[in-house]
There are 2 protein chains.
Amino acid sequence: MTLPRSTPPEPHPQPPETPQRHPGGRRPGENRTREQILDAARECFAERGYDATSVRRIAETAGVDQALVHHFYGTKEKLFLNALEIPLRMPEALAEAAAGDRVGLGSRIVLAHLRVWEDASARPAMMTTLRSAATHRSAAAVLRDYAKGSIREALGKVITGEDVELRIALIATTLIGLSLTRHLVRLDPVPDTSPQELAARLGPVIDLYLDPVPPAA
Amino acid sequence: MTLPRSTPPEPHPQPPETPQRHPGGRRPGENRTREQILDAARECFAERGYDATSVRRIAETAGVDQALVHHFYGTKEKLFLNALEIPLRMPEALAEAAAGDRVGLGSRIVLAHLRVWEDASARPAMMTTLRSAATHRSAAAVLRDYAKGSIREALGKVITGEDVELRIALIATTLIGLSLTRHLVRLDPVPDTSPQELAARLGPVIDLYLDPVPPAA
DNA sequence: GTCTATAAATAGATAGAC
DNA sequence: GTCTATCTATTTATAGAC
């Protein structure tokens, strides 16, 4: 796993989703409040970024008192670091897309990337990371590790030749740029273009970076 | 000119750089304070974004009192809108790059884009726009208008065929993504790669979008 | 044009009752 | 675990002297 290992310094003792036997650990069924707060935080951070989101607003969104946020997460910063945890779905999806045939690989990578972004359960954390990456060091660090990590994990064995590091970074740049104009800056008509059409346009770009032989022209 | 016409609503009566004859307008030599404040604002906004930049900090950077910032610009928001004014150099550079031969066009576009970003006098405003685009509506609007505007102005006559709007937007996406990973997120090794190598890698990508015939694969 | 002083709102964070 | 109440710092912005 190549994910945000460096950033979220806190272990997070989360009660299990379903109440069950607890061989020594934290008692289950305690309350879902902690996770409600985290979900609310992701929602707010995703929508407005770190600075413009107040602890009070997060508490209100979660339907709890402001003091509870500090009770569970200590500081706004620590809560934010927890909110940055990007779901494993993206690296998994990319790896799965990379497994198949070499033909159409770039297109499948783009489609996998877009599919994860459409996933409502995965989006808030990714949106939080992307939106805050420009103004928050930790978010930028997570984005760096995550983007290159998942792509290297998926394409490390496929991509060979010169300047491998640069080409991986440029694939990441392509996908990050796409998410930026599609979901954040909303550069018309990117947000309204179908995944299929985007894959048709961007797939060959990824393939270009994957090809060890630079194009003749 | 296709630049931020929609966003900076304020006219900006700036005294000329060099004291000279003034046929009716504002008296020159009044003081450079107003521009010092604007420069300081760009510097601060570029470095930390809108929210994390306080009026006090801008004043300190400019070496003036905080009240002066409000005296000249009214509110922090209005000052920010002024700071977003992107220099004309970028659309000019892109147009110049587009003027030449069709061969190597993509590469020249990338080089022109990179060259303007290296320009110390142009960077703060662009950095301000890019950094704040994710969290500030006006900055996002300026980035949208500016990116598509300058590219359409430069390449409008060259780019033909299907999905012209989308392809223009994707060229903008490519260049914005590059600036993001090179100057903001600093995705290794993009920040340390020479303009020539980046142009060699990204030029063919731009050419791909310029080509009315989609690639065979 | 430039400053001091301060208003008014909001921020993150904590103490302590229940 | 959850809440009330509050502290302290910082923010944008303004009024008014010089």
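The values are calculated or read from the model by the stated rules, or taken from the named source; none is laboratory data. Keep in mind that what you see is a predicted model, and the values were worked out from it rather than measured. Note that each Cβ is placed from the backbone with ideal geometry, even for glycine, and that neighbours are counted across all protein chains shown. Only protein heavy atoms, including side chains, enter the accessible area calculation; ligands, DNA and RNA are left aside. Shrake-Rupley method; radii C 1.70, N 1.55, O 1.52, S 1.80 Å.
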Item to complete: Over the whole of A:164-175, what's the average partner chain Cβ count within 10 Å per residue? Rounded to a whole number, please.
Response: 5
Item to complete: Give me the number: length gained by fully extending B:VAL103 to B:LEU68, i.e. 0.36 nm times residue separation minus the C-alpha to C-alpha distance, one decimal in nm.
Response: 7.4 nm
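How much of the accessible area of region A:89-210, in percent, comes from carbon and sulfur atoms when a 1.4 Å probe is used?
Details: 2230 of 4330 Å².
Looking at region A:89-210 in its full context, I get 52 percent from C and S.
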Worksheet item: How big is the A/B interface in buried accessible area, both sides summed, 1.4 Å probe, to the nearest 100 Å²?
Response: 3700
Worksheet item: Which sequence of A:LEU111, B:LEU187 reflects their accessible areas, 1.4 Å probe, from the largest down?
Response: A:LEU111, B:LEU187
Practice prompt. Would you kindly find the accessible area of A:VAL55, with a 1.4 Å probe and non-protein molecules such as ligands, DNA and RNA excluded, rounding to the nearest 10 Å²?
Written response: 20
Fill in: Residues in region B:106-150 occluded by at least 10 Å² - accessible area, probe radius 1.4 Å, against chain by itself
B:ARG131, B:ALA133, B:ALA134, B:THR135, B:ALA140, B:LEU143, B:ARG144, B:LYS148
Worksheet, complete the sentence: Of A:GLU96, B:GLU47, B:GLU35, ordered by accessible area with the largest first and a 1.4 Å probe, the sequence is A:GLU96, B:GLU47, B:GLU35
Worksheet entry | Positive minus negative residues near B:SER150 (Lys, Arg vs Asp, Glu; Cβ under 12 Å) | 0
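Using a 1.4 angstrom probe on the protein heavy atoms only, could you order B:ARG186, A:ARG42 from most to least accessible area? Spell out each step's value before the answer.
Working: B:ARG186 125, A:ARG42 40 Å².
Sorted descending by solvent-accessible area, the residues read B:ARG186, A:ARG42.
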Discussion item. Rolling a 1.4 Å sphere over the protein heavy atoms, what is the accessible area per residue of region B:151-217, to the nearest Å²?
Written reply: 39
Worksheet item: Counting only the heavy atoms of the protein chains, how much of B:ASP65 is accessible to a 1.4 Å probe, in Å² to the nearest 10?
Response: 90
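Using a cut-off of 10 Å between beta-carbons, work out the net charge of the residues near B:LEU210 (Lys and Arg +1, Asp and Glu -1, B:LEU210 not included).
Working: positive: B:ARG102, B:ARG167; negative: B:ASP207, B:ASP211.
Combined, the nearby Lys, Arg, Asp and Glu give 0.
Kirkwood Rh over Cα pairs of region A:27-144 into Stokes-Einstein at 37 °C, 0.692 mPa s: D in µm²/s? Don't skip to the end; give the middle numbers.
Values: Rh = 15.4 Å.
Reported coefficient: 214 µm²/s.
Could you do me a favour and compute the accessible area per residue for region B:33-83, 1.4 Å probe, result in Å²? Kindly include the intermediate steps, with their values, before the conclusion.
On the way: 2310 Å² over 51 residues.
For region B:33-83, the solvent-accessible area averages 45 Å² per residue.
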Worksheet item: Using the eigenvalues of the Cα gyration tensor, what equivalent ellipsoid semi-axes result for region B:33-83 when each is taken as the square root of five times the eigenvalue, whole Å, largest first?
Response: 14, 11, 10
Worksheet item: Roughly how many Å² of A:LYS78 are accessible to a 1.4 Å probe, to the nearest 10?
Response: 80
Item to complete: Determine which lysines satisfy two conditions relative to B:LYS78: a Cα distance under 26 Å, and not lying fewer than 8 residues away in the same chain.
Response: B:LYS148
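Over all directions, the average projected area of the alpha-carbon convex hull for region B:85-217 comes to how many nm²?
Approximately 8.2 nm², given one-decimal rounding.
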